[in-house]
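Shown next, in structure tokens, is the structure this report addresses.
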Amino acid sequence: MKVAFYAPLKPLDHPVPSGDRQLGYALLQALRAGGHVVSIASRFRSFDGRGDAARQARLAHVGGKLAQRLIARYQRLGDSPDVWFTYHLYHKAPDWLGPAVCRALGIAYVVAEASVAAKQRHGPWAWGYGGAIAAVAAADAVLHLNPVDVEGVQKVRGASALALFLPPFLDLSVFAGSDAPPSPGAAHSGARVRLITVAMMRHGAKLASYRLLATALTRIAQHEWDLLVVGDGPARPQVEAAFAGIDPGRVHFTGTQPAHVVAAMLREADLFVWPAIDEAFGMVFIEAQACGLAVVAGNSGGVAAVVAAGRSGVLVAPGDAEAFAEATLHLVREPDVRQRMGREARAYVREHHDFSAAAARIDVLLGSAVANRAAVTTGVATAAP
């Protein structure tokens, strides 16, 4: 099938690395692996992060104009897609393009990672909320990637509407390899447990997570561990300041590194630690576990969908520095438990988060969505795959 792919929150070629961009690429690759011919429908970004009603109205207007241009182009060329696939829409980044294009062309509309926050109905993102609700309601099928989004979407569409829950996934081969170059990070003492974290250094939730991590590690500073911090960004001075109370010889900052180098660093480490405040998923948890690392994480957002609590890692209450310190210390002190969890982690992500199985399930969903669209005129509903 021909698939038009659209990411209203952030284009896939956005220069800032993120888990959102990474999962978008994985979806794109999965569609292509299923034999579909995928084109990027638009790079139009509908994101409004400030809750500015006037900006949202302008974005809706521009989106409507762009949709009409796309419709005219597809009709002129006689080369319409079979499916429009929108990745990650919500009140801050609604889809102003897909529903209009699909109505005009009579093609299937599929959305992945849609969320509905009812409290925004009358808030500063009310305009965007309305657009997101309209898109969710218009979808022929929804691909759920985060279990916390399912209930809200079902309230709009109904529990029987065509949908599929698919845990986040990645091509794990790069993280399981052994031919990546050695880590450029500082050397660790053999007696110390090598902790690692990988995250962008942005203000807001990322900085809050770094600060909580620093607080937690300060509480167990008398124990034998080192920390490798992989990442960079505008909040780096504040991140480094947060760790200033810890012996600087124990915390090593590498800056941003290519994916294959990050994989090498993960394989050389002993334990992955990240508080994950307000984290949607934490795709890096999948990467770390694929490299055989146990995880200590905050249980926020969809983290529980990518970390098997008690099997591949330990999840603690979000924002609880004391609990995070205790969980980290437990795995620092117990190498047998840490190593067992690392082995379980590798098996877990291969079983639940591998690329090939996800590609096959997405392919089935697309087929069902196209059949569902074709059946609309007859009133026959298609069962969920």
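Since every read-out is calculated from the coordinates, none of them should be taken as a lab result. Every value quoted in this text rests on a predicted model; they were computed, and no experiment measured them. Positions of Cβ are backbone-derived with ideal geometry, glycine not excepted, and every protein chain shown enters the neighbour counts.
Tabulated data
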| quantity | calculated |
| --- | --- |
| Share antiparallel - DSSP beta bridges, the chain, percent rounded to 5 | 5 percent |
| Share, in percent, of DSSP beta bridges within the stretch 173-352 that are antiparallel, nearest 5 | 5 percent |
| Kirkwood hydrodynamic radius (C-alpha pairs) into Stokes-Einstein, the stretch 173-352, 20 °C and 1.002 mPa s, D in µm²/s | 135 µm²/s |
| Structure-based [θ]222 nm, the chain - -39500 (n - 2.57) summed over DSSP H runs of at least 4, per residue, nearest 500 | -13500 deg cm²/dmol |
| Rounded, prolate or oblate (a/c below 1.5 giving rounded, otherwise prolate when a/b exceeds b/c) for the stretch 1-98 by Cα gyration tensor | oblate |
| Principal axes of the chain: Cα extent on each, largest first, Å | 68, 41, 35 |
| Peptides ranked, highest mean first, by Cβ atoms within 10 Å: ranges 14-21, 222-229, 88-95 | 88-95, 222-229, 14-21 |
| Summed residue charge, Cβ within 13 Å of R373's Cβ, Lys/Arg positive, Asp/Glu negative | -1 |
| Of M283, A60, A304, farthest towards positive along the dipole that unit charges on Lys, Arg, Asp, Glu beta carbons give the chain | A60 |
| Unit charges on C-beta of K, R, D, E only; dipole of the stretch 195-294, Debye | 220 debye |
| Unit charges at the beta carbon, dipole of the chain: most positive-side option, F5, Q238, S209 | F5 |
